[in-house]
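*Asks:* Below: one structure in structure tokens.
The values are calculated or read from the model by the stated rules, or taken from the named source; none is laboratory data. Small disclaimer: the values here were computed from a predicted structure and weren't measured. Don't worry about glycine lacking a Cβ; one is built from the backbone with ideal geometry, like all the others, and counts go over all protein chains shown. When the accessible area is computed, the model is the full protein with side chains, heavy atoms only, and any ligands, DNA or RNA have been set aside. Shrake-Rupley method; radii C 1.70, N 1.55, O 1.52, S 1.80 Å.
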Amino acid sequence: MTPLVRILFPVALLWNGHAHSLAKSQPAKDLVSPKMTQETPAPGKRVRQIAHEYKGTQVYHSLYLPTDWQKGKTYPVLVEYTGNKFPACGSTGEVKGANLGYGLSGGDGFIWVSMPYVQKGKKENTVTWWGDRKATIEYCKVNLPRICKEFGGDPENLFICGFSRGAIACGYIGLADNEIAAFWKGMIAHDHFDGQRKWGYPESNRASALKRLARLKGRPVLVCGNANDYLREHPKLGAFTFLLVPVGKIFDIPDGPVIHTHTDLWAHRDSPTRRTARDWLQKQISEENNR
């Protein structure tokens, strides 16, 4: 069966600007991503973790356990990759600067992991592009199963997500080979996608990206924002749902930490768009549970 391609326009955005003003009238309710600490993992905490293989280095990932976390229970997992360091839009490129997964979950119901891009030399994370791509892929392969085993991540409900460079990483890292591609129940990519254009790194061309994308095998993808339109030409590769993200209507930019329309903070404010994205995510989990 050919996967469906859907385009989602949050209904309230069509109400002659009414939803626009409603979203802007409630800034006090914006989410604030928890700061990363050195604490022991606990509900509602976002902590820095260093894998056994990287002890003595600055390579790390972050782990957030939801506020409703209980030992012995299982939870879906959002695995996030950050954008490049780009001060003009407020992106630090750092693991501790990730925001999208927290906005999508609201801090409840999901374990949230921000994975590193391992720099060449394997001594630190890189904040721009891929560093040692092979090491970056291997880091996820080794540590995601560990995290799931120790903290109750549901291996049947793992979602890769990312903004900008992280959106490209959903394919370039997350579909790099059959082993890592097999992890994912689905993906959420905001602003950019692997293969949309050719960049200055190896195998960024469309043909290579399509080979990676074939490893999706029809699984669901929420395609958010911009620079991803070519996916509409390949509906057989994935169950693509396209979601308009009108950042300029959700925020009065500059608006607090949101200084540019290219941002991973759009899901930190209540809006019809965020509700649509969260509904999509819950639907993927519900469909699995109802099989």
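*Asks:* Between residue 197 and residue 156, what is the label-to-label distance in nm when each label sits 7 Å out along the Cα-to-Cβ direction?
*Replies:* Roughly 4.2 nm, to one decimal.
*Asks:* While we're on this one: Restricting to bridges with both residues inside the range 20-125, how much of the DSSP beta-bridge set is antiparallel, in percent to the nearest 5?
*Replies:* Values: 9 of 17 bridges.
If we restrict to bridges inside the range 20-125, about 55 percent are antiparallel.
*Asks:* Also, I was wondering about something else. Give me the extension gain from residue 88 to residue 282: residue separation times 0.36 nm, minus the current Cα-Cα distance, reported in nm with one decimal. Can you show the working numbers first?
*Replies:* Details: separation 194, 0.36 × 194 = 69.84 nm, distance 3.29 nm.
Extra length available between residue 88 and residue 282 comes to 66.6 nm.
*Asks:* For the range 112-260, count the residues as N, evaluate 2.2 N^0.38 Å, and divide the Cα radius of gyration by that value, please.
*Replies:* Details: Rg = 15.7 Å, N = 149, 2.2 N^0.38 = 14.7 Å.
In units of the 2.2 N^0.38 Å rule of thumb, it is 1.07.
*Asks:* Using the structure shown, list the pairs from 73/236; 96/141; 29/149; 122/217; 85/198 with a Cα-Cα distance above 24 Å, or answer none.
*Replies:* Values: 73/236 35 Å; 96/141 20 Å; 29/149 34 Å; 122/217 32 Å; 85/198 19 Å.
Table pairs above 24 Å Cα-Cα are 73/236; 29/149; 122/217.
*Asks:* Can you give me the relative contact order of the chain as a percent, contacts being Cα pairs under 8 Å and 6 or more apart?
*Replies:* For the chain, the relative contact order is 21 percent.
*Asks:* Between residue 35 and residue 149, what length in nm is gained on full extension when 0.36 nm per residue of separation is reduced by their alpha carbon distance? Intermediate values should be presented prior to the final figure.
*Replies:* Numbers: separation 114, 0.36 × 114 = 41.04 nm, distance 2.44 nm.
Net length gain for the segment: 38.6 nm.
*Asks:* Can you tell me what share of the DSSP beta bridges in the chain is antiparallel? A percent to the nearest 5 is fine.
*Replies:* Numbers: 10 of 41 bridges.
Close to 25 percent.
*Asks:* Please give the length that would be gained between residue 128 and residue 233 if that part of the chain were fully extended, namely 0.36 nm times their separation in residues minus their C-alpha to C-alpha distance (nm, one decimal). Write out the running numbers ahead of the final one.
*Replies:* Details: separation 105, 0.36 × 105 = 37.80 nm, distance 2.93 nm.
Length difference between fully extended and current span is 34.9 nm.
*Asks:* Okay, next question. What percent do you get for the relative contact order of the range 175-262 when only Cα pairs under 8 Å and 6+ apart count?
*Replies:* Relative contact order comes out at 27 percent.
*Asks:* Heads up, I need the accessible area for residue 252: 1.4 angstrom probe, whole protein in place, Å², nearest 10.
*Replies:* Approximately 80 Å² for this residue.
*Asks:* Provide the three semi-axes, in whole Å and in decreasing order, of the ellipsoid equivalent to the range 38-194 as defined by the square roots of 5 times the Cα gyration tensor eigenvalues. Working shown, then result.
*Replies:* Numbers: eigenvalues 91, 57, 52 Å².
Values for the range 38-194, descending: 21, 17, 16 Å.
*Asks:* Next question, about the same structure. Tell me the label only: which of [x] 20.2; [y] 21.0; [z] 19.1 is Kirkwood radius over Cα pairs in Å as calculated from this structure?
*Replies:* Structure-derived value, by its label: [z].
*Asks:* Please find, in a Gaussian network model of the chain (springs between Cα atoms separated by less than 10 Å), the residue of 202, 87, 34 whose mean-square fluctuation is greatest.
*Replies:* Among 202, 87, 34, the largest mean-square fluctuation in the Gaussian network model of the chain belongs to 202.
*Asks:* May I pose another question? At R0 = 25 Å, how high is the FRET efficiency between residue 142 and residue 96 if r is their beta carbon distance? Nearest 0.05 is fine. Walk me through the numbers before you get to the answer.
*Replies:* Details: r = 21 Å, r/R0 = 0.83.
FRET efficiency, residue 142 to residue 96: 0.75.
*Asks:* Now, a different point. Summing -39500 (n - 2.57) over the DSSP H runs of n ≥ 4 in the chain and dividing by its residue number, what mean residue ellipticity at 222 nm do you reach, to the nearest 500 deg cm²/dmol?
*Replies:* Working: 8 runs with 74 residues, N = 291.
Estimated from H runs of four or more residues: -7500 deg cm²/dmol.
*Asks:* Same structure again: Going toward the positive end of the dipole of the range 164-291, with +1 on Lys and Arg Cβ and -1 on Asp and Glu Cβ, which of 176, 266, 225 do you reach last?
*Replies:* Highest projection toward the positive end goes to 176.
*Asks:* Additional query: Defining a contact as two alpha carbons under 8 Å apart and six or more residues distant in sequence, what relative contact order in percent does the range 72-175 show?
*Replies:* So the answer I get is 39 percent.
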